[in-house]
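Note sheet for the following structure.
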Amino acid sequence: MNSSKTSSTIIFGIPKFPAKYGGIIMPFLLSILMTMLVSFISTVKIAGITSQFLNVWISSWSVSWIIAFPTLLILLPIVRRLTASLVRHP
């Protein structure tokens with residue numbers, strides 16, 4: 001018998017989102033993480049770690065995320081179809 005209880009909250013009593021929102025939440029989180037990493041690397045490469053690094057990086061990240069999130073929402077269905085055409089199904 002499994003004694004672990006699955007939590008129905010995220011944090012501080014905030015309830016988890018219904019499963020139907022997974023198609024928005026996944027690209028939302030993916031776009032945040034990917035743009036943070038890519039903008040961090042690009043900012044370090046171009047500007048280096050300076051006293052203004054955090055301001056430059058956050059500015060760069062916010063612009064890239066504003067573009068990336070809607071782009072992911074638009075392209076994800078196309079990428080899923082393309083992937084399905086390239087992968088053998090059991």
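What follows is calculated from the coordinates using simple rules that are stated; it is not laboratory data. Treat the numbers as computed from the prediction; the structure is a model and nothing was measured. Quick reminder, even Gly has a Cβ in these numbers, built from the backbone with ideal geometry, and neighbours come from all protein chains shown.
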**Request:** For the chain, go through all pairs of different Cα atoms, get the mean of 1/r, take its inverse, and jot down that Kirkwood value in Å.
**Result:** 16.3
**Request:** Please give the calculated 222 nm ellipticity per residue for the chain, where each DSSP H segment of at least 4 residues contributes -39500 (n - 2.57) and the sum is spread over every residue; nearest 500 deg cm²/dmol?
**Result:** -24000 deg cm²/dmol
**Fill in**
If one compares the long axis through the Cα atoms of helix 53-86 with the longest principal axis of the Cα atoms of the chain, the angle in degrees, nearest 10, works out at 40
**Asked** How would you rank 79, 56, 44, going from fewest to most other Cβ atoms within 10 Å of each one's own Cβ?
**Response** 79, 44, 56
**Message:** Can you give me the angle between helix 22-47 and the longest principal axis of the chain, using Cα atoms only, in degrees from 0 to 90, rounded to the nearest 10?
**Reply:** 20
**the stretch 1-63: trypsin sites (Lys or Arg not before Pro) in DSSP coil with no more than 13 other Cβ atoms inside 10 Å** = 5, 16
